[in-house]
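Note sheet for the following structure.
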Amino acid sequence: MTQSAYSNKPLPRLRHIEPGQFFTLRHDPTPRILLHKSKHHGHFNNGYASLCHELERSCVVWGENGWEAKHEPRL
């Protein structure tokens, strides 16, 4: 894969992770766990956010199928 292919990754978003996984929203440093997804939102213990909300890159990794949540929270 060429260097330009790596730079064309989509932004990591809430829709890329699955319920039960830890995440951090890009503009809010509070670690959370995704409880479930509805059609347009991801729900967590103290609220919800749009599935298109960007995630902090430190809580995800680029895998074979795109962005995936890391297994441990970053506290």
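Note on SER58 and SER38: with the Förster distance fixed at 25 Å, the Cβ-Cβ geometry gives a FRET efficiency of about 0.45.
With a simple spin-label model that places each label point 7 Å from the Cα along the Cα-to-Cβ direction, the separation between ASN46 and LYS9 comes to 2.8 nm. Annotation: amide H of VAL60 within the under-5 Å range of LYS70, sequence separation 5 or more or interchain, hydrogens built in the peptide plane.
Where a number appears in this text, it was derived from the coordinates with a stated rule and is not lab data. This one's a predicted model, so the numbers in the text were calculated from it and none came from an experiment. With ideal geometry, Cβ positions are generated from the backbone for all residues, glycine too; neighbour counts draw on all protein chains shown.
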